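All remarks here apply to the structure that follows.
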Amino acid sequence: MNVGAWEAIILVVRRELCLSFRRPDQLLQPLVFFLIVTTLFPLGLSPQLSLLRDMAPGVLWVAALLSSLLSLDSLFKSDADDGTLEQLALCGQGLTVIVVAKTFAHWLVTGAALVLVSPVVGTALGIPGTAFATMMLSLGLGTLTLSWLGAIGAGLTVGLKRGNVLLSLIVLPLAMPLLIFGAGATDRAISGSSVAGALYFLAALCVFTCTLAPFAATVALRITLE
Amino acid sequence: MWTWFYKLASPPYVYAAAAALMPWFLGLAGVSIAYGLVAGLGFAPPDYQQGDAFRIIYVHAPSAWLSLSAYSTMAVTGAIGLIWRIKMGHAVAAASAPIGASFTLLALVTGSLWGRPMWGTFWAWDPRLTSELILLFLYVGVMSLRSAFEDPARGDRAAALLGIVGLVNVPIIHYSVLWWNSLHQGATVAKLGKPSMPGSMLWPLLSMLLGFMLFYGAVLCIRLQGEVLNRERQAKWVREAIQS
């Protein structure tokens with residue numbers, strides 16, 4: 001059967017989503033982790049909402065980065081372990097197409113889900129409702145960029161037995177600009193100043209990473225697969 | 001005409017070339033650093049604002065420059081190894097990473113020692129110090145990725161790819177951190193035409209930079225010899241080179 005690249009992407013995304021929704025506990029774990037980490041900060045710092053509001057963008061973004069990283073380990077792992085990834089690599093579509101589809105599907109079940117629960121966490125941390133739109137938009141762009149960066153890291157560490165810590169070690173330094181602009185945009189939205197600059201920068205980073213990272217992730221997978 | 005270029009891919013040639021170049025690098029580095037230290041610490045006038053404390057720049061700025069150029073060397077030679085499958089490229093990259101990480105650490109330590117009298121604190125979340133710190137994390141990531149693989153060839157290629165990704169990211173990280181917070185003094189040397197430093201301060205600094213580069217070259221040659229011997233330990237020429 002001859003399948004075009006778009007159809008292949010749709011097929012792989014559907015397969016990934018189907019697999020994820022059959023194991024809802026794994027789908028929920030990163031989200032619960034996100035909620036737990038954000039609960040730690042009021043307990044550790046202070047329950048005063050006025051104080052928390054100053055910390056909120058940073059807390060929210062750090063928690064989002066950590067919970068996205070936590071789930072990145074599984075991006076290629078199970079498929080690499082049972083040989084599915086090699087079959088997908090041989091299916092004649094080119095590995096980049098598969099990488100794009102898998103990473104996008106991964107973002108849908110982790111990053112996009114995180115964006116959807118972020119207003120709950122935002123309310124708990126005292127972020128005003130007027131800043132929610134900026135917060136969600138910046139989180140959406142940031143987690144998508146992080147998924148691409150993470151795909152490179154996951155591709156490099158997929159063959160390793162204990163690659164999880166190493167994955168964080170190599171991806172987190174690359175993700176620091178995201179934290180700066182993401183938390184910056186949210187912070188500006190809370191204080192009511194203009195958010196356009198930081199959001200544009202996040203969007204530029206997202207487009208830049210979306211264009212180049214799939215190829216880097218493909219090379220990374222080829223290094224560990226062959 | 002191009003045969004010297006192909007020779008660079010041959011381990012015995014690289015080993016011999018590194019051994020031959022090393023004393024030159026080391027000697028010239030000694031001369032250059034000696035002049036820089038004597039002229040910079042002894043004869044350059046004290047800064048009108050910072051007094052004698054500014055003299056740490058003669059160690060701090062060259063290490064910061066070298067931390068970046070050692071990273072680029074590592075990334076570029078790693079890319080050569082990855083793209084053209086030249087094993088010696090990976091050997092140079094593997095030899096360069098720990099030196100670059102040490103220069104980064106040196107720049108961080110001298111930076112914080114400089115910060116104590118100037119800013120009143122050892123560590124400020126200043127953009128340049130912060131991006132230097134992130135650079136150190138990048139080095140650590142590349143080095144641990146290389147050693148995480150059981151198959152050294154695979155580790156080499158994975159580390160090379162991460163090095164390239166990091167090289168693309170270094171300017172992004174640098175400028176985003178710069179945007180985020182600023183306390184560090186602006187560029188003093190790289191202003192073309194009119195540097196904001198008199199010649200009696202500038203020449204020792206440039207001499208230190210040259211000396212640090214040559215010193216890096218010398219250490220790279222030593223480490224490269226070790227890398228080549230370790231990688232080629234099954235080869236016949238290594239046994240002959242060691243026995244002779």
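The values are calculated or read from the model by the stated rules, or taken from the named source; none is laboratory data. Just so we're clear, the structure is a prediction, and the values are computed from it rather than from any experiment. Quick reminder, even Gly has a Cβ in these numbers, built from the backbone with ideal geometry, and neighbours come from all protein chains shown.
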**Study point:** Residue match in region B:97-106 (condition: within 20 Å of B:N169 (Cα to Cα), touching a residue at least 40 places away in the same chain (Cβ under 8 Å), under 15 Å from the mean Cα position of the chain (by Cα) and away from every other protein chain (no Cβ under 14 Å))
**Key:** yes
Check your understanding: What residue, among those in region A:45-70 that are over 16 Å from A:G142 (Cα atoms) and in a helix (DSSP H, G or I), is nearest to the chain's Cα centre (by Cα)?
Key -> A:A56
Review point. Looking at (1) more than 17 Å from the chain's Cα centre (by Cα); (2) at the interface with chain B (Cβ under 7 Å from one of its Cβ atoms), which is the only condition A:L169 fails?
Key: (1)
Point to revise | Unique match (being modelled with pLDDT of 55 or more, away from chain A (no Cβ under 14 Å) and not in a helix (DSSP H, G or I)) among B:M197, B:M201, B:M208 | key: B:M197
Exercise for review: Starting from residues that are surrounded by 15 or more Cβ atoms within 10 Å (Cβ to Cβ) and among the aliphatic types (A, V, I, L, M), keep the ones in region B:20-38 and report whichever is modelled with the lowest pLDDT.
Suggested key: B:L37
**Study point:** Options B:V238, B:V228, B:V170, B:V177: the member that is farther than 21 Å from B:L41 by Cα, part of a helix (DSSP H, G or I) and modelled with pLDDT of 90 or more
**Key:** B:V228
Exercise for review: Scan region A:126-156 for residues that are polar (S, T, N, Q) and either at pLDDT below 90 or over 17 Å from the mean Cα position of the chain (by Cα) (or both) and jot them down.
Suggested key: A:T130, A:T134
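Can you tell which of A:L144, A:L90 is within 30 Å of A:W6 (Cα to Cα), among the hydrophobic types (A, V, I, L, M, F, W, C) and surrounded by fewer than 18 Cβ atoms within 10 Å (Cβ to Cβ)?
Numbers: A:L144 fails: surrounded by fewer than 18 Cβ atoms within 10 Å (Cβ to Cβ).
Criteria check complete, one pass: A:L90.
Of all residues in region B:150-166, which are farther than 17 Å from B:A95 by Cα and either in a helix (DSSP H, G or I) or in contact with a helix residue (DSSP H, G or I) (Cβ under 9 Å, 6 or more places away or on another chain) (or both)? Talk me through it step by step, then tell me what you get.
Start the filter on region B:150-166 by keeping residues that are farther than 17 Å from B:A95 by Cα, which leaves B:150-151, B:165-166.
Those that are farther than 17 Å from B:A95 by Cα and either in a helix (DSSP H, G or I) or in contact with a helix residue (DSSP H, G or I) (Cβ under 9 Å, 6 or more places away or on another chain) (or both): B:V165, B:G166.
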Practice item. Could you check, for region B:97-106, whether at least one of its residues is buried (at least 17 other Cβ atoms within 10 Å of the Cβ), of a type in the set (F, W, Y) and outside any loop (DSSP other than H, G, I, E, B)? Key: yes
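For region A:84-125, give me the residue count where each residue is outside any helix (DSSP H, G or I) and at pLDDT 85 or above. Please lay out each step first, then the result.
Keep residues of region A:84-125 that are outside any helix (DSSP H, G or I), which gives A:91-94, A:110, A:125.
From what is left, the residues that are at pLDDT 85 or above are A:110, A:125.
Residues flagged as outside any helix (DSSP H, G or I) and at pLDDT 85 or above within region A:84-125 amount to 2.
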Study note, to complete from the structure: With criteria (1) closer than 30 Å to B:N230 by Cα; (2) surrounded by fewer than 18 Cβ atoms within 10 Å (Cβ to Cβ); (3) of a type in the set (G, A, S); (4) out of contact with any Leu (no Cβ under 9 Å at 6 or more places or on another chain), B:G81 comes up short on (2)
Practice item. Sort through B:W123, B:W114 and tell me the only one that's in contact with a helix residue (DSSP H, G or I) (Cβ under 7 Å, 6 or more places away or on another chain), under 26 Å from B:F215 (Cβ atoms) and among the aromatic types (F, W, Y). Key: B:W114
Check your understanding: Which pairs have Cβ atoms under 7 Å, sit 6 or more apart or on different chains, and link a residue in region B:1-29 that is more than 30 Å from B:S207 (Cα to Cα) to one that is part of a helix (DSSP H, G or I) and of a type in the set (D, E, K, R)?
Key -> B:Y13/B:K7
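Going by the conditions given, is A:L160 assigned to a loop (DSSP other than H, G, I, E, B) and facing another protein chain (nearest Cβ under 8 Å)?
Details: assigned to a loop (DSSP other than H, G, I, E, B): yes; facing another protein chain (nearest Cβ under 8 Å): yes.
Against the criterion (assigned to a loop (DSSP other than H, G, I, E, B) and facing another protein chain (nearest Cβ under 8 Å)), A:L160 qualifies.
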Point to revise | Qualifying position, being farther than 25 Å from A:L35 by Cβ, within 13 Å of another protein chain (Cβ to nearest Cβ) and modelled with pLDDT under 90, among A:T224, A:T218, A:T209 | key: A:T224
Practice item. Considering only residues that are more than 7 Å from chain A (Cβ to nearest Cβ) and among the hydrophobic types (A, V, I, L, M, F, W, C), look in region B:150-167 and name the one that is surrounded by the fewest Cβ atoms within 10 Å (Cβ to Cβ). Key: B:A153
